[in-house]
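Shown next, in structure tokens, is the structure this report addresses.
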Amino acid sequence: MARLFDAYIIVDWSAASKPAQGANSVWIGALARDARLKFQFSAANPSTRMAATEMIQELAERFTSRGDKVLIGVDFSLGYPAGTAKAAGLPQDKPAWQAMHDHLAAKVKEKSDNSNTRFAIAAGLNYAMTKGPHPFWGAPPRDRISTLSATKGDFSDSVVDEFRVAEHWVRKNYKSKPKSGWQLYGAGSVGSQSLLGIPAVQKLRKALPKSKIWPFETGFATFDDETLAETDIVFAEVYPSLVDVKPVDGQVTDRAQVEALARHYCSLDEKGRLGALFGPPEGLEETEIPQIIAEEGWILLK
């Protein structure tokens, strides 16, 4: 069985508000064939998200210019729990995921020094959804206002779930507890990465011809050659903690993770097992699939 992809780019994103390198900053890992058709891995650690976005675009353009199919995995949520777009009053004349992506791409402002407006955007969405400090939560003292607090609100009677179906699935089936995308600040939080990462993906998607976001634009089904006939690049959400990583020689864990994930998906592709991961896992409720495709997205599991 032929490979689905010829190159694998894995991105460990960051919400740092200043230029940063090393641990807890942006890492980009690329696994692709060299001139001798051997797979070689390279890693980069750009200090800003703007530089990272440009680098990802350049890598993808280089690979596709020679005829490669490219998988770009990003380690942040590409969707929000079902009902988010409607609760936020976003346009209903387009898919819910697209409404949220368009909203964030238009509203989030970033500068070349990594400063950004993510807390203000979250506070505005909270006001639109609940008129209070919910569902987004977590912010440093200077960014806390009446519609964005430091602590989590009550999700027992919320307009949206605390987690997507994907997070519930991982918590149930793996020895891992992914954080909620609503948490923006504090140890292990991932919400800020999504607020800042989704606009970057939208920029890349528009700049890179024949690129699609899985599963929103590709469908939630097993991939094969026919699936990718008109697609050169697939963006997918990944979760680094699902793969065992052993940093060597003082390696930064983030750097080790992007390499481990790139090699993992490459290996599965070589064995003809990667395509199945783009479809629903066995045991997922059929009734949950429409909301995954329409708004929530899914994680490319192992």
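Just checking the listed ones, PRO46, PRO247, PRO135: in the Gaussian network model of the chain with Cα springs under 10 Å, the one fluctuating most is PRO247.
Distance distribution P(r), the range 122-221, all Cα-Cα pairs, bin width 10 angstrom from 0: 14, 36, 33, 15, 1 percent. Taking only Cα atoms and a 10 Å spring cutoff, compute GNM fluctuations for the chain and point out the largest among ALA262, ALA128, ALA30. Comparing ALA262, ALA128, ALA30 in a Gaussian network model of the chain, the most mobile one is ALA128.
Seen from PHE119, the other residues with C-beta closer than 10 Å to its C-beta sum to a net charge of +2, counting Lys and Arg as +1 and Asp and Glu as -1.
Here the simple spin-label model places points 7 Å from the Cα toward Cβ, and for ALA229 and LYS271 these points are separated by 2.9 nm.
Please work out the ratio of the alpha-carbon Rg of the range 226-274 to 2.2 N^0.38 Å and round it to two decimals. If you can, show how the numbers build up before the last one.
Numbers: Rg = 13.4 Å, N = 49, 2.2 N^0.38 = 9.7 Å.
With N residues counted in the range 226-274, Rg over 2.2 N^0.38 Å equals 1.39.
Looking only at ALA236, ALA207, ALA276, which one moves most when the chain is put into a Gaussian network model with springs between Cα atoms under 10 Å? Most flexible of the set in this elastic network: ALA207.
Measuring spread by the Cα atoms of the range 144-278 yields a radius of gyration and Dmax of 17.6, 53 Å. For the chain, the extents of the C-alpha atoms along the principal axes are 59, 43, 36 Å, listed from largest to smallest.
For the chain, give the share of DSSP beta bridges that are antiparallel, in percent and rounded to the nearest 5; count only bridges with both residues there. Spell out each step's value before the answer.
Working: 14 of 29 bridges.
Bridges in the chain are about 50 percent antiparallel.
If you take the alpha carbon atoms of the range 84-173 and fit the smallest convex hull around them, that volume is 128 Å³ per residue.
Bear in mind that the values in this text are calculations on the coordinates, not laboratory data. Here the structure is a predicted model, which means the values were calculated and not measured. So basically every Cβ, Gly included, is an ideal-geometry build from the backbone, and we count neighbours across all protein chains shown.
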